[in-house]
There are 2 protein chains.
Amino acid sequence: MSDLTLAVDIGGTKFAAGLVEPDGRVVAAQRSATPRGGDAETLWKTLTGLLDRLEPPPGVAGVGIGCGGPMTWPAGEVSPLNMGGWRGFPLRERLAARFPGIPVRIHNDAICLAVAEHWRGAGRGSAAMLGMVVSTGVGGGLILGGRLIDGGTGNAGHIGHVVVDPGGPPCGCGGNGCLEAIARGPGLAAWAVAQGWSPGRAGSPQEPGRASEPGGEPSGQGGELYREEGTATARRLAADAAAGDPIALAAMTRAGRALGVAIASAVNLCDLDLVTVGGGLSQAGDLLFGPLEKALREHTRMGFAGRVRVVPAALGQDAGLVGAAALVIAGDRYWSPGP
Amino acid sequence: MSDLTLAVDIGGTKFAAGLVEPDGRVVAAQRSATPRGGDAETLWKTLTGLLDRLEPPPGVAGVGIGCGGPMTWPAGEVSPLNMGGWRGFPLRERLAARFPGIPVRIHNDAICLAVAEHWRGAGRGSAAMLGMVVSTGVGGGLILGGRLIDGGTGNAGHIGHVVVDPGGPPCGCGGNGCLEAIARGPGLAAWAVAQGWSPGRAGSPQEPGRASEPGGEPSGQGGELYREEGTATARRLAADAAAGDPIALAAMTRAGRALGVAIASAVNLCDLDLVTVGGGLSQAGDLLFGPLEKALREHTRMGFAGRVRVVPAALGQDAGLVGAAALVIAGDRYWSPGP
């Protein structure tokens, strides 16, 4: 029996699989681009191909899976938004058949990122934390009483659908005025374009894609579903804001304030100590975090709420694997539904 | 050793104490008006006088206390908003000294009402529930994973300070646009007056105070701090709305929509099955619940969120005592901080 845990991270951009030590270190990992338009078995073969290349030792302790939502939970029949080939695909069951006799556990990818930050990242020791990811989408996971909160159907943590402006823009969920509708990269960029902004007009560099640029996709902190098409424009927007473009600045302020208001609602409702923010857009720094902090403090005036801190997520591109592994390795805190 | 638990419910309008059976039945209770302007010892003597009249049998199993917030928790040094005589008063410690050797436990009154509904009321069996009270204030408590959520400092459940309109009216908490600023009885009435409404102009009865009237204070479902001055006007407003007054109707619609938006945010964030709504204003029926349901459904469009049900609280005037007793009797679910 090995003491390694197999971790799997399934996203719209890439699949990853890794072996994780009991202390959370990823000791081997394989990655593969998500096949565009792949059907159910093509996607499955992409995953099994990864696992074959990874060559897990006999007798891994368990399998932890993070996957883009929605899914039935804890059954793990997945229908990831950006992977049309999997609709109700029994991912947990298929992996359990391949790895019999050991725990095989699954959760939403954004929840796995929150778990990773709590277990081994910026949230260590927090009793009441929200772990967020802000990029092409806005998602998260809740840790309360030092334990992962699943909610009634495993969907707790959807901070992206806290309403920040009831008369606001339509959201992909079918509602309107959700945080995600305003603060997701593409939403942010679309608003700026509607105000008259065009990419690069402030003289910011024309080449997108440097990992150090704000809003860039390769941050490794976002769930894969949060790093899809559309962030390149948001990255240009952040660069133009940094160069002083007034519309780009207004767009970042608008997104930052929306984040601050939604976080304030979560803090007041859940009495949070800490919020970690990862994902590509979180790299915009003060352009986003300045207005965020200002709105947050305006809307958290009760004594208990004032203590909350908002900090950047600490883990890098392996965060998804670390969080998935934690479902097995630290199941006492992060896995409640039984074996 | 008796199997009865002593329950204490401390509010701005009245103090109550009762003896509660292991199944949640209140078998004896005493009540006393909260002394206006009383200093710390006057308030304490009011409570001990109640306890003397109640004559708890020797060897009660424990003492459960619900008290208006804020308080330090779990230490239980209370500073109830509407009781200036108690500022940092060590209520838990004083009762522990009077009842040595048994558990003495305390929580916010709104949280006790949520616990009561989950334990013995409309929320029985729910894994993920918000118990709300809507009257002079708007408060609540969260039950997730079948257990009371305390948050980092015992303040989880403050649904009244979820932001529903970031540019909205100022709130007593120091912020603005909170649910409570819009939907609390006095806020509702003040808005209607500003729109040109005056009480009774629609020909509704001039005599306030019937317990069956919507918005009335003696509903027994609200925490005491939620039944203070100001609800008489809200009760008239509801009566005028029922009589067809357009401003009064608009006011009820505005409050109902604010409730629906805040509840939607909580449902999306916490993946709730159920929301119970008590307190005087909840008796306004469809005038409030109609717009509430409409706004809630508009803002809960993800699959998991659509299942949530919003129902009236089921327990009557003893709810506060029942919830306080549950901190002791069902401490495995409702009391986490140790003995």
With A:Gly68, A:Gly24, A:Gly84, A:Gly123 as the choices, which residue is among the small types (Gly, Ala, Ser) and on the phi > 0 side of the Ramachandran plot?
-> A:Gly24
Exactly one of B:Gly331, B:Gly338 is surrounded by fewer than 23 Cβ atoms within 10 Å (Cβ to Cβ) and out of contact with any strand residue (DSSP E or B) (no Cβ under 9 Å at 6 or more places or on another chain), and that one is B:Gly338
Which of the residues belonging to the range B:290-310 are more than 7 Å from every other protein chain (Cβ to nearest Cβ) and among the aliphatic types (A, V, I, L, M)?
-> B:Leu292, B:Ala295, B:Leu296, B:Ala305, B:Val308, B:Val310
For the range B:178-204, pairs from a residue that is more than 18 Å from B:Ile263 (Cβ to Cβ) to a residue that is aromatic (Phe, Trp, Tyr) and buried (at least 24 other Cβ atoms within 10 Å of the Cβ), with Cβ under 7 Å and 6 or more apart or across chains, are none
Whichever residue in the range B:241-258 is more than 12 Å from chain A (Cβ to nearest Cβ) and under 20 Å from A:Gly177 (Cβ atoms) and, among such residues, is surrounded by the fewest Cβ atoms within 10 Å (Cβ to Cβ) | B:Thr253
Assuming B:Gly280 fulfils every condition listed in (1) at pLDDT 95 or above; (2) away from chain A (no Cβ under 14 Å) apart from one, which condition is it?
-> (1)
Would you be able to tell me the number of residues in the range B:4-47 that are modelled with pLDDT under 95 and in contact with an Asp or Glu (Cβ under 8 Å, 6 or more places away or on another chain)?
-> 5
Report the residue count in the range B:24-45 for those that are part of a helix (DSSP H, G or I) and of a type in the set (Val, Ile, Thr).
-> 1
What helices (runs of 4 or more DSSP H) lie completely within the range B:234-339 and have 3 or more residues being touching a residue at least 40 places away in the same chain (Cβ under 8 Å) and not assigned by TED's automatic domain parsing to the domain that holds B:Thr13?
-> B:246-270, B:319-329, B:331-334
Selection over the range B:266-282 where residues are out of contact with any Leu (no Cβ under 8 Å at 6 or more places or on another chain) and either surrounded by fewer than 23 Cβ atoms within 10 Å (Cβ to Cβ) or more than 19 Å from B:Ala122 (Cα to Cα) (or both) yields a count of 2
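Restricted to the range A:84-100, and to residues that are in a helix (DSSP H, G or I) and without any contact (Cβ under 8 Å) to a residue 60 or more places away in the chain, which residue is nearest to A:Val8 (Cα to Cα)?
Among residues in the range A:84-100 that are in a helix (DSSP H, G or I) and without any contact (Cβ under 8 Å) to a residue 60 or more places away in the chain, the one nearest to A:Val8 (Cα to Cα) is A:Arg92.
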Checked the range B:23-37 for anything touching a strand residue (DSSP E or B) at 6+ places or on another chain (Cβ under 8 Å) and either in contact (Cβ under 8 Å) with a residue 24 or more places away in the chain or within 15 Å of B:Ile65 (Cβ to Cβ) (or both); matches are B:Val26, B:Ala28, B:Ala29, B:Gln30, B:Thr34
Quick check: is even one residue across the range B:47-60 under 18 Å from B:Ala325 (Cα atoms), exposed (fewer than 13 other Cβ atoms within 10 Å of the Cβ) and charged (D, E, K, R)?
-> yes
Only one of (1) closer than 23 Å to B:Asn155 by Cα; (2) within 12 Å of chain A (Cβ to nearest Cβ) is not met by B:Pro339, so which one is it?
-> (2)
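The values are calculated or read from the model by the stated rules, or taken from the named source; none is laboratory data. Bear in mind that the values here come from a model prediction, so they are computed numbers and not experimental data. All Cβ positions, glycine included, derive from the backbone under ideal geometry; neighbour counts span all protein chains shown.
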